[in-house]
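Have a look at the structure below, then the notes.
The values are calculated or read from the model by the stated rules, or taken from the named source; none is laboratory data. As the structure is a prediction and not an experimental result, all values here were calculated from the model. In this analysis, Cβ positions are derived from the backbone assuming ideal geometry, glycine residues included, and neighbour counts consider all displayed protein chains.
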Amino acid sequence: MTPTFDAVVIGGGATGAGVLRDLAMRGVRGLLVERGDFGSGTSGRYHGLLHSGARYVVSDPGSARDCAAENGVLRRIAPGCLELTGGYFVATSADPEEYLDGFAAACAAAGIAAERVPLGELFAAEPLLNREIRAAYHVPDAAMEPWELIDANLESAREHGAEAWRYQAVVGFARDSDGQISAVELEDRRSGERRSVGCGTVISAAGAWAGQVAALAGVELKMSPGKGSMLIMNRRVTNAVVNRLAPPGDGDILVPVHTVSILGTTDITVEDPDDARVTRDEVAALLADGDRLIPGLSGARVLRAYAGCRPLYEESDVSDEPSREISRAHHLIAHGPRDGVANLWSIVGGKLTTYRLMAQQTADAVCASLGVAAGCRTAMEPLPGPAAARPYWLGMRLADIEADGGGDADLVCECELVTRPMLHAALEAQPDASLDDLRRTTRLGMGPCQGAFCTPRAAAMLGDRDDGQRALLGFLHERFRGTRPIAWGDQLAELWLETGIYRGSLAVETLNVETPEARDADV
Amino acid sequence: MPTYDAVVIGAGLAGLSAGIGLAEAGARVFVAGKGMGATHWAHGGVDVGDVEALSRRRGHPYARFGDAVGPALTAHLARLAAAGLPYRGSPGDTPRLVPTAVGGLRPAAILPEAQAAGLQPWAGGEGLLMLGIDRFKDVWAQMAARNLARQRWPDGPAEVRWAVAELPWVERLHNLTALELARLFDDPDWRARALAQVRAALPDGTWRIGLPAVLGLARHAEVFAEARETLGAPIFEIPSLPPSVPGIRLFEALRERLLAAGGRFQFGFGVVKVERSADHVVAVHTQGASRTLRLAASEFVLATGGIAGGGLRATADGMISERVFGLAVEAPPQAEWLVDDPLAEQPLESAGVRVDARLRPAGVRNVRVIGSMLAGQRYLSERCGDGVALASAQRAVQLLSARSAWSSVRNVAS
Amino acid sequence: MTFRDAANREFPPFSTDGCIKCNVCNTVCPVARVTDLFPGPKYEGPQGQRFRVDGEASPDGSVDWCSGCGICTRACPTGVLIAETNNRARASMVATRGTSLRNRLISDTDLLIRLGVPIAPLANFGLRNRLLRWIGEKLLGVARRGPLHLFARRTFTSWWRRRPAVAVEPSAERAVVFFHGCAVNGFEPDLGRDAVEILERNGLSVIVPKQECCGLPFISNGLYDQARRKARANLAVLADYARRGYRIVGTSTSCTHALKAEYREMLDLDDADARAVADATWDICELLVELHDEGRLDTRFGPMPMDLPYHPPCQLKSHGIGTPAMDLFALVPGLRAVDSNHDCCGAAGTYGLKVERWQIAQDVGRGLFDKVRASGASVAACDSETCRWQIESSTGVRTRHPIEILAESYRVYAAG
C-alpha cells in the first residue's frame, strides 16, 4: 500500500519545516522527508543570528526589508527560540568610510531601527571590543536556536495533520505519462529499506542540495553552494551580536549563542554541498578578522570549527561571480513552466531569518496551483511548545538545576548541563535517535570537552536501543571532525586527555563492529 | 630558600618517582608541580609496553634506557607495596587482556591487586559479571557486557552478564562521582550495608565480578579485602572516566613516600622564569602571588609531561613549544598531526624533546628530561608511558647520583 | 569589568578557557570532601561560569558553600583560577541579592575591634559565656562553638604609639612597613610585638603607618564594595612606601595574600598603586628566609627541644613561596617541626564561624586535628590567625604563629 500525500516536502531544514506547517495550516496534507536528522543541514550549521536586516541594507535592500519584517514576526511567534541580545554594527579603522556614511540612511529606508551608540556606552556594554572602533549602531539583531525552531514548526504541522520523516533520502521520482511526478522513492538511511510515497505535488526545500533533487527529476537547477565556515569560541565574548560596519566579508560577525560565541563566516563556492571541511586557511582568516573586533580573540579558546553551505542560486545559471556577490534573496522556481514538470517546485536561496516568508510564498503558489483558497496564518499564530515560552537567557539551565537541589549526580553532559531527565525526555520523543540527534535537541557534547565525558554516559542510556557501540563510536567520530581543524592550545590538550581516556583506559579501539553511522555522521 | 641538589619540575609519575629516588639517595630535592595531573586521569595500572621490541626501535626512548625498565619497575612496585598498595605482575610478564568500562579489552601486565582478577585466563565455566551501581553515571554495565560478549577473547569467560546494585544513600546524593563512592566505601558502617546490597544483587552462578573502581581511598586495602570476602567471588575494579580513584591512590602513595624521604613538594605554581649561565641552568622561578619563588639547584629534572600534561603547548600556527626551558621539540608537521580516525595512532603522539644518552637535551648540561616529554615514544599506541616514566626517572637518579655525592653547598648564615 | 584582553588568563573568568574538565579540582576540594551541599569546584567554577551573565546574580546559589581555600586553583594542571572565579560569582550574588547582617558584621573586623577592645573584659565575658554564645547563634547565626578569639585589652597600635617615636624615617634598605592586620591589632598584639622585635633584631626598623583591615573578610563574604573601600584606603597609604622601595611585611598570610593577589584578582584593582603594593608585600617568614639567603639573618637561636606540628595554611600556600616557616624552624636547635600534610583546617576566615557551616569546617579539619592531638605536642604552629584559632579551639593545643616560636627561641638564646 503506497501512502499518498497532497504534497511532499523534501528537506527538513527551517524552510521545509516552514512550508510543511504553512501548507498544513491551510488544509493541505503534507509529508516532509529529510535525508538526515531534522536541522542537520544548513539550518543547523549556521551562526545562530536572527538578522535585523542591517547586514544587507547596502548590498541587498530587498533582503534587508524582508529580514526586518521577519525579525518582528519571529519575536511574536517564536520568542522561546530567541535570545534578545540586540546587536551592534561597529566600524573599525579598517572599514570603509563611505559605508559608514550611508548606513544610517539605508537602515531607515529599510525600516530597521538602527541607533547610533556613543562609544563610551558601547565599551561599557561590551568591554572586550576593540578600542579603535570609531562608530557603532545598535540594531534589533538576536540569537536564534534553529533546532527548536524547526521542531516547533514540525510540531505545529503535525497538529494540523502533516507528517515528517527523517533519515529518508529521496532516491528517485516516479513520473506519469505527462511528466508529472506521481511518487517519491525513498530510502531509509539507516535500514536501507526503500519505499514509495504517492504525491500530488512536490516541493524541494533541499537548499544547497536542491540541484541534486532536481536532477532526480531530470531537471537542471544550477545551485552555487557557498560554504561558510565558523568557529565556536569557548565562552561568550560579547553579550550582544557584533557585526562589522562594512560590506559582508569573512570573520565579521560574532554571535553569542547559548554558552558560546560563534565567529563567522567565510564564503567559498564549492561543488559539493556535502563538502563541509574547514581548512586551516579559513580558520586563520577568521581569527585574524576576529582579532580586529576583539583584540586577543585568537588567543582565546576555540572549541570547534564547522561549516554550512548556503543554498545560493544563480538566477542566470552562470557561475563566475564569487558567491558573496550572488543574491541572498530567495527564489521560488516553478518547474512546470520552466522545465515541464508541472507539480515540482524548488524554493532556494534565502536565509534562516526569512524562512517563514519563503514558506509563505511557496505555499501561496502551491495552493494556487492546487486550487486551495485558504490564506497564510503562520505570521499570526505562535509556534507551539518551548518555542512559545519566554525568551532564552543564559542562566536558565543552571538555575533549573539549582532549583532541583543542584549537584552533578544527574549531569550527563557537564559542560552544557544536560541532565539524565532531559535525555530521557528527548529519547521518549525520538526513540531511534543517535547521540548526534540528541545533541541537536539537548546540546549534548557541545561544550569544552566536546563529548569526552558524556559520550559513553549517554550511549549507555540508549540501552537496548543501541548495539552498545554504534552510538558511542559514531559520536566520537562526529565530535572529532569538528575538533581537528582547531586542534591546538587548550582544545588539543582536551583532545589529548580524551584520547588518553578512550585509548589508554577504555581501549575503545578494540570494540570491533563496523559503524556505518560513524562514517556517515554529520560534522 | 636553600640551594637544592635537584629541582624536579612536574609531579606526575615520572616527577614523583625521580623526586623519591633522589631523596632516597640523600639529595635535597624540591618537586615543583604546576598542578596535579596525569596520575588522576589514568587507569592506575603500569603500562610498560613491549620493552624488548621498543628498545630495538631507533629513536625510541627505550633505545636509551630500556634496560632500566625492569629494575625501575621492581623498585616502584616495592615502594607501592610498602605503602599498602600492592600490585600484581612483574617486569617481563606478557600482557593479558582485561575488560574495560565500555567493554573493550585492554592488554595489561602489571595491575593494582584490586584490578588483577580481570586478567586472562578464565577457568572453564567461569563467567564474568559486570556490576553497575544505580545512579552512578560512570559505570555502564549493560553496554560493557554487550560489547564484551561480542569480543574475540581467547581464554575469556564462559558467559558475560550484567547486574546493577542499589547502594544505600546513593539515591539521596546530589553529587555522585567515583570519588564520592570511594569515600563512602571508606566508612565501615556504610560499606557493610553496601556490600550486603551488592551481594543481594548477584545472580546465581560462578562469577568473577567486575565493578567500578570505587573501593575506598584511604582505606582501600581494607575495603577490597572485605568486598572480596563478602561477595565470595573474585572481584576486580574497572577504572572509568577521570577522576581515577586508582590513580589518586597511586599519587597519594608516591607523595607520602616523597615527603617521608625528606623531599619538598609544592604544587600550584608553574615555572615562569629560568636563570642560566652559559649552558647551565642556575635556578628556576615558580610563579607566586606577587613575586616568584627562586629555586636554585645544581641539577634540574624536567618531568612536565606532554601535550595533555601541559609540558608541551601547540599554537594555531603549528608550533609546539616546551614551556619551561624552551627546548627544541621534535614533532611531525602540523598537516600530519592527526589522522581521520580519532581512535587510530596519531602521528602527534611521538612529539617531544630529543635527549642524549644522559637524558640531556641539546644545549643544556644540567637538565634531564624524563617521562612523556621524551620524543620518539607513542605512549598510547605502544602502551609504554609508565615504563618510560619510571625507567627515565630511575636513569636520571642514577646519573645524578653518580655525578655528585650530594655535598651541596648549604647556605651558611653569617 | 575593566577592559581586558579576551585571552588574558590572569582574569579569573577568562582563565576558565584552560579547563579540560579533568576533575582534578574536585579531587582536592576539602569542602566537597565532607558535604553533599557543595557540588565541587568544577561545577561552580569553569562550568558554572559558562552560564553567568555579566552584572546578574549567578544562578548557582550553591557557590556560596565554597570556603575559598584556593586548593582547587593550585591543583588545576591547566591554570584555571577556579576559587577566584567562584568568589566573584558569590560577589555578584551578594551585589544583586544582598547578604545577611551576620555576614556584614563578622566581615567588619575594624568595627568589631573598635567596639570590642575598649570594653574587652565585658566583651570577652560575652565571648566566653555559653548562654550569650547560644543567644548569638540563635539571633545572628554565629556558631556558639565557632573559633572566636578574645579581644585584646589594648590594641597593637596603641602600644605602638607609646613607643618612642623615631625622629627621622629610616631608609628603605633598613626599614620595613609593618602591616599588622586585624588579628595583631585587636586580638593578638603580642604577636605583633614579637614581629617587631624580630625585625629590629635583624636590623630592620619598623614603620607602622595608619592602616585598615585588608578587606579579605569582606572579599570572602562577597562584599566587594566594602572590600574596595578598605583596599583603596590601604593602597593610598602603602603605595607611596612601596614606590619608595620599602617592603611591606605582615604576619598574617591572609592579609599579605590579599595585598599581593586578591586586590587584583577579585576586586579588579589593577592600577599602578596596586601593582606596586603587591610587588612590595612580603610574608614575614618569607622575608626572614630572604635575609637568611643574603646571610643577614641573626641565626643565634636558642634550643627549643620539642616536636612542633606545623600547619601551613591555605592562604600561605597560595602565596607560592614554599613553606618558609619550615626553613626557619630548621635553624632552631632541637626543634622538630612536622608539616601537617593536611589540606585545610576548615576555618577559612569567617566560614567556620557560621552556624550552618561550623560542622563542615570541623569535618574539613578533622584529619589535622587528629594529627595535632596524636602528636602529643603542647604547642602547634600556623601562619594564619583564623586557622590558629580553629586548630586551638578544636584540639585544645595552644597554636602559635611561627614568629612567636622564633622570638621565643631568640629569648632562650639571650637568656644563655
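Tabulated data for the structure shown
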{"read-out": "Filter result (at the interface with chain B (Cβ under 7 Å from one of its Cβ atoms) and basic (Lys, Arg)) within segment A:465-487", "value": "A:484"}
{"read-out": "Residue selected from segment C:1-16 under the condition touching a residue at least 60 places away in the same chain (Cβ under 8 Å) and not in a loop (DSSP other than H, G, I, E, B), by the criterion farthest from the other protein chains (Cβ to nearest Cβ)", "value": "C:12"}
{"read-out": "Members of segment B:377-402 that are assigned to a helix (DSSP H, G or I) and not small (Gly, Ala, Ser)", "value": "B:386, B:388, B:390, B:394, B:395, B:397, B:398, B:399, B:400"}
{"read-out": "Elements of type strands (runs of 3 or more DSSP E) contained in segment B:289-350, each with 1 or more residues being at the interface with another protein chain (Cβ under 7 Å from one of its Cβ atoms) and within 30 Å of residue C:254 (Cα to Cα)", "value": "B:293-302"}
{"read-out": "Boolean, residue A:381 is under 29 Å from residue A:82 (Cβ atoms), away from chain B (no Cβ under 12 Å) and of a type outside the set (A, V, I, L, M)", "value": "yes"}
{"read-out": "Residue list for segment A:73-101, restricted to those being in contact (Cβ under 8 Å) with a residue 40 or more places away in the chain and exposed (fewer than 14 other Cβ atoms within 10 Å of the Cβ)", "value": "A:76, A:93, A:94, A:96"}
{"read-out": "Pair list, Cβ under 8 Å, 6 or more apart: segment A:263-291 residue away from every other protein chain (no Cβ under 12 Å) and closer than 25 Å to residue A:313 by Cα, other residue hydroxyl-bearing (Ser, Thr, Tyr) and in a helix (DSSP H, G or I)", "value": "A:267/A:323; A:268/A:323; A:269/A:323"}
{"read-out": "Residue that is touching a Pro at 6+ places or on another chain (Cβ under 8 Å) and of a type in the set (Lys, Arg), where the choices are A:65, A:55", "value": "A:55"}
{"read-out": "Restricting segment A:9-51 to residues that are part of a helix (DSSP H, G or I) and under 10 Å from the mean Cα position of the chain (by Cα), the residue that is farthest from residue A:372 (Cα to Cα)", "value": "A:45"}
{"read-out": "Strands (runs of 3 or more DSSP E) contained in segment B:95-210 and holding at least 1 residues crowded, with 17+ Cβ neighbours inside 10 Å and facing chain A (nearest Cβ under 10 Å)", "value": "B:96-99, B:105-108, B:127-133"}
{"read-out": "Residue list for segment C:294-341, restricted to those being among the small types (Gly, Ala, Ser), within 8 Å of chain B (Cβ to nearest Cβ) and closer than 18 Å to residue C:198 by Cβ", "value": "C:295"}
{"read-out": "Residue within segment A:78-87 that is closer than 30 Å to residue A:125 by Cβ, under 17 Å from the mean Cα position of the chain (by Cα) and part of a loop (DSSP other than H, G, I, E, B) present", "value": "yes"}
{"read-out": "Helices (runs of 4 or more DSSP H) wholly inside segment B:1-81 containing at least 1 residues that are more than 14 Å from chain C (Cβ to nearest Cβ)", "value": "B:13-24, B:51-55, B:61-65"}
{"read-out": "Some residue of segment A:138-152 being among the aliphatic types (A, V, I, L, M) and assigned to a loop (DSSP other than H, G, I, E, B)", "value": "no"}
{"read-out": "Among (1) touching a residue at least 40 places away in the same chain (Cβ under 8 Å); (2) farther than 13 Å from residue A:14 by Cβ - the single one residue A:373 does not satisfy", "value": "(1)"}
{"read-out": "Residue, farthest from residue A:75 (Cα to Cα), within segment A:384-402, restricted to residues that are part of a helix (DSSP H, G or I) and facing another protein chain (nearest Cβ under 9 Å)", "value": "A:402"}
{"read-out": "Qualifying residue in segment A:281-295 (condition: assigned to a loop (DSSP other than H, G, I, E, B) and farther than 26 Å from residue C:53 by Cβ)", "value": "no"}
{"read-out": "Failed criterion for residue A:304 (all others in (1) more than 24 Å from residue A:233 (Cα to Cα); (2) at pLDDT 95 or above hold)", "value": "(1)"}
{"read-out": "Selection status of residue B:27, under 21 Å from residue B:403 (Cα atoms), hydrophobic (A, V, I, L, M, F, W, C), in contact with a helix residue (DSSP H, G or I) (Cβ under 6 Å, 6 or more places away or on another chain) and touching a residue at least 24 places away in the same chain (Cβ under 8 Å)", "value": "no"}
{"read-out": "Residue count for segment C:90-109, restricted to those that are surrounded by fewer than 24 Cβ atoms within 10 Å (Cβ to Cβ) and either within 11 Å of another protein chain (Cβ to nearest Cβ) or not aliphatic (A, V, I, L, M) (or both)", "value": "10"}
{"read-out": "Matching option when the condition is within 14 Å of chain B (Cβ to nearest Cβ) and either more than 20 Å from the chain's Cα centre (by Cα) or of a type in the set (Ser, Thr, Tyr) (or both), among A:444, A:462", "value": "A:462"}
{"read-out": "Residue B:232 being within 13 Å of chain C (Cβ to nearest Cβ) and small (Gly, Ala, Ser)", "value": "no"}
{"read-out": "Filter result for residue A:229 (crowded, with 19+ Cβ neighbours inside 10 Å and polar (S, T, N, Q))", "value": "yes"}
{"read-out": "Failed item in (1) of a type in the set (Gly, Ala, Ser); (2) buried (at least 20 other Cβ atoms within 10 Å of the Cβ); (3) in contact with a Phe, Trp or Tyr (Cβ under 8 Å, 6 or more places away or on another chain), with residue B:318 passing the rest", "value": "(2)"}
{"read-out": "Filtered residues of segment A:408-451 (kept if surrounded by fewer than 21 Cβ atoms within 10 Å (Cβ to Cβ), farther than 17 Å from residue A:474 by Cβ and touching a helix residue (DSSP H, G or I) at 6+ places or on another chain (Cβ under 8 Å))", "value": "A:410, A:419, A:420, A:424, A:429"}
{"read-out": "Selection within segment B:286-299 - surrounded by 23 or more Cβ atoms within 10 Å (Cβ to Cβ) and farther than 29 Å from residue C:315 by Cβ", "value": "B:299"}
